[in-house]
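Written out below as structure tokens is the structure these notes cover.
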Amino acid sequence: MTDRSDSRIHGGDKSRKTSGKRRRATTLVAWCAAALVLLGGSGLGFVYFKLDGNLSGIDINALLGRDRPPDPDNGSEDILVLGSDSRAGANAAYGQDGGGARSDTAMIVHVHKGHKTASVVSIPRDTLIDRPECTDSKGATVPGARLAMFNTAYEVGGPACAVKTVETMSGIRMDHYIEVDFTGFKKVVDQLGGVRITTTRAIDDPKSHLKLAPGTHILDGEQSLGLVRTRHSIGDGSDLGRIELQQAFVKALIDQVRSIGLFSSPKKLYGLADTATRAITLDSQLDSIAKLVGFADGLKDLGAKDVKMITLPVRYDPADRNRVLPLQAESEQVWTALRQDRPIPASATKDSAGDQRDANGVVRGG
């Protein structure tokens, strides 16, 4: 284990020097990934059988072994959704790697029994956690660390270490893993013809290069990146406030896909499916079109109104306002509710630094 000062250096100063644009873009990936998880009713299964070659998978179960939380047989499902900031391929347009790839945004998607409702918990990338010892994708042991930034789990050990860290934090076994390439999901937004959102007040953020008047807008891929990068013109200017915008965006994205009638345009349907399947890496239980379609079919009744989204209850670290610490009692309320397949109580988030009321309501679905 590392001590507190070491954990601040690792993933701290170096990460501040990496491109802000790159980091903010990754948040779009993860939110779009969550939307993909919840879009079983979009009709993409119609052409998925042609697209097996686009998919890639990783055997999380083999890497993690038997030392995992129990898997309750209650009809619910838990999916860890990550957006990686690898600079490979087309992603190089967003800058060069400042070390290994990281997961700058992570969400746990809990689909409740009956698959009529879902709860999504976002874990801020700068959350300081005790990272467990884990096994990386090559089978090597990665040592644990005390008070390490959450996003270092993926950086040092890849998907299996990210899953292990989430399962250790929550006591919840992840049934599935989905990782998304953010350049691919920028293309998904464009394939959809943009996403309709409404702003209740002006957004003018020179750092994200987004300027929107109050009113309804249809955002293309680049503008969507700008929206989820925005923080300086809303809320308290923090990443926690920005999560409010991201939550509004993913709900708008869900509604957009469900409303445009993809079956009426086979060409558009195929283009969207082709782009989406190229953008994701899945656990080995989902890495074929047949498996993915079966999984998605179980989510076909979910709409944006059926999805409750929160941020993990946190407080600012008194020693460094650029970091946050989980509120232990409130976080346990969240994890207990999900383990028992119950709705997350409102009391769990009322005192959280992530409850950014200044940002809440600034953006909603069109």
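The values are calculated or read from the model by the stated rules, or taken from the named source; none is laboratory data. What you see is a predicted model; the values in this text were computed from it and never measured. Each accessible area value is taken on the protein alone, full model and side chains, heavy atoms only, with ligands, DNA and RNA left out. Shrake-Rupley method; radii C 1.70, N 1.55, O 1.52, S 1.80 Å.
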Item to check | All Cα pairs of region 276-366, percent lying beyond 19 Å | outcome: 62 percent
Checklist entry - Sorted by accessible area with a 1.4 angstrom probe, largest first, how do Asp306, Asp59 fall? => result Asp59, Asp306
Checklist entry - Using alpha carbons only, what's the Rg to Rh ratio of region 118-205 with Rh from Kirkwood? => result 1.10
Item to check | Derived scalar couplings ³J(HN,Hα) [region 151-168; Karplus, 6.51 cos²θ - 1.76 cosθ + 1.60; whole Hz; x for Gly, Pro] | outcome: 6, 6, 4, 5, 4, 8, x, x, x, 4, 5, 5, 5, 4, 5, 5, 5, 5
Next on the checklist: Over region 159-234, what is the relative contact order in percent, taking alpha-carbon pairs closer than 8 angstrom and at least six residues apart?
Outcome noted: 26 percent
